[in-house]
Amino acid sequence: MFLCSVFRPPPMTSTISPTPDAATAARHVAELVDLMQLEATGEDRFRGCSANIGTPAVFGGQVLGQALVAASRTVPADRAVHSMHAYFLLPGEHAPIDYTVHRARDGRSFTTRHVIAKQEGREIFEMAASFQTLDEGIDHQDAMPRAADPLSQPSELERRIALGDRVPADFRFRGLVSPGLEIRVMDPPDLLKPQPSPTESKIWMRAVAPLPDDPLVHRALLAYASDNGLLRAAMNPHALTFFSTKLRVASLDHAMWFHRDFRLDDWLLYVVDSPSAQGARALCRGSVFTRDGRLVATTMQEGMIRVKT
């Protein structure tokens, strides 16, 4: 039987461990993997559960990952996703989400799928994804920038716990990450008293315990994780953080290209920046590298950033 349970994080003033034991870490990762598992509800129709990680609406990365899984379930196994382009239409609720897949094209090398996500009959999200057979061709990439060792900075969870009661009451649940992921920002802003800084940011991330070998699990969870930290790059030069009470932020769209194989249970470096912000919108982009310097994915996202005067 397919049952949905919603995870609700404890407030950061609670006594929780930023370094869980192996059994707890494995449970957190299993919950994250289960979140990407969908129930088939009809021909090319699926239903996914939701997890409340502390964001006011359902976390956009969750919908990205689940929509990718839904599309992949209708594609031959010899074709892997190489690109996805999505739009967030309405804020989703912390409730089950229904996905409908349209089989747009099945070619000799490429397959295209369209996905619509709905809640209570309302379209909250749409995505186009393209899949390709494994082919040979030219090969080059940008070099990975230098970055400090992942363990040279505390995790985002450790940073949040250290703030304790100084976190504004309205934000003690907000903007957290799944406990199945470890996020370490190499150039973190002061969350309570930020100063203007460059848009570029370097973020190490990985699952806190081993993941299954299925490449789709790793791609779906990277799509999930890629929605964390992108828009923050646009806030840096303006001395803003998600704790800023005068700020309204929402993801508008998200594009992602997968270049090479990877594992998310090993460290990945997410290098993000923001080339432009204007008209209450900010454009942010990211490059994902393995520890040995292989470029495995690229992301782009435009978000709404409104500052109350």
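Derivation of every value follows stated rules applied to the coordinates shown; laboratory data play no part. None of the values given here were measured: they were computed from a predicted structure. Heads up, the Cβs are rebuilt from the backbone with ideal geometry, glycines too, and the neighbour counts pull from every protein chain shown.
How high is the FRET efficiency from Gln195 to Tyr87, r the C-beta distance, R0 35 Å, rounded to 0.05?
Working: r = 34 Å, r/R0 = 0.96.
Approximately 0.55, to the nearest 0.05.
Taking the chain as the reference, fit the longest principal axis to its C-alpha atoms, fit the long axis of helix 60-72 to the helix C-alpha atoms, and give the angle between the two in degrees, 0 to 90, nearest 10. Relative to the chain, helix 60-72 is tipped by roughly 10 degrees.
A simple rule links phi to the HN-Hα coupling: the Karplus curve 6.51 cos²θ - 1.76 cosθ + 1.60 with θ = phi - 60°, which for segment 120-131 gives 6, x, 9, 6, 10, 6, 9, 8, 10, 9, 10, 10 Hz, with x for Gly and Pro. Excluding same-chain neighbours fewer than eight residues apart, the aspartates and glutamates reachable from Lys118 by a Cα-Cα span under 19 Å are Glu39, Glu43, Asp44, Glu93, Asp98, Glu126, Asp253.
The candidate values are [x] 18.7, 58; [y] 21.8, 75; [z] 20.5, 74; the one derived from this structure for Rg and Dmax of the Cα atoms in Å carries the label [x].
The coefficient of translational diffusion for segment 162-309, derived via Stokes-Einstein from the alpha carbon Kirkwood radius under 4 °C and 1.567 mPa s, stands at 81 µm²/s.
Computed from Cα atoms, the angle from the helix 22-35 axis to the main principal axis of the chain rounds to 50 degrees.
Which value in deg cm²/dmol, rounded to the nearest 500, describes the helix-derived mean residue ellipticity at 222 nm for the chain, given -39,500 (n - 2.57) per DSSP H run of n ≥ 4 and division by the residue count?
-5000 deg cm²/dmol
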